[in-house]
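S.K.: Okay, here's the structure, questions in a sec.
The values are calculated or read from the model by the stated rules, or taken from the named source; none is laboratory data. It should be emphasised that the depicted structure is a prediction, and the values quoted were computed from it without experimental measurement. Here the Cβ positions follow ideal geometry from the backbone for every residue, glycine too, while neighbour counts run over all protein chains shown. Heavy atoms of the whole protein, side chains included, go into the accessibility calculation; ligands, DNA and RNA do not. Shrake-Rupley method; radii C 1.70, N 1.55, O 1.52, S 1.80 Å.
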Amino acid sequence: MSENAPVEKTFQERCDEFITLANQQHAETEAENVNSAILFSAARFSVFSTAPQFDEAEKLKQEKQKIIEYFTQRFAEMMATNLDEYIDRFDEYNPK
């Protein structure tokens, strides 16, 4: 590998970049506005990343419900993990 080759970012580093951007946007507006933009963007990118697996729109349409269920389940798992972590650190994140 070349010394000048870009270093692949880790999953956590990519997540941290999105969170940093969300925090910057939160400085300008309510968290709900930022959250809505993130959710919409994630849904849009999920479609973008999934659609190329199909060679025609009709096949994509036939798999629509399975795709929605897959991403809904993944989100539910991630949400549960993050809620558990937040609950465990609630006092640390919300000092009195």
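S.K.: Check residue 13 against each of (1) surrounded by 11 or more Cβ atoms within 10 Å (Cβ to Cβ); (2) more than 25 Å from residue 72 (Cβ to Cβ); (3) of a type outside the set (A, V, I, L, M) and name the one condition it does not meet.
M.R.: (1)
S.K.: Are any residues in segment 68-96 assigned to a helix (DSSP H, G or I), of a type outside the set (A, V, I, L, M, F, W, C), open to solvent by less than 100 Å² (accessible area, probe 1.4 Å) and over 16 Å from residue 39 (Cα atoms), and if so, which ones?
M.R.: Within segment 68-96, 81, 84, 85, 86, 93 meet the criteria.
S.K.: Here's another thing I want to ask about it. Can you find a residue that is at pLDDT below 95 and surrounded by 10 or more Cβ atoms within 10 Å (Cβ to Cβ) anywhere in segment 25-45?
M.R.: Looking through segment 25-45, none of the residues is at pLDDT below 95 and surrounded by 10 or more Cβ atoms within 10 Å (Cβ to Cβ).
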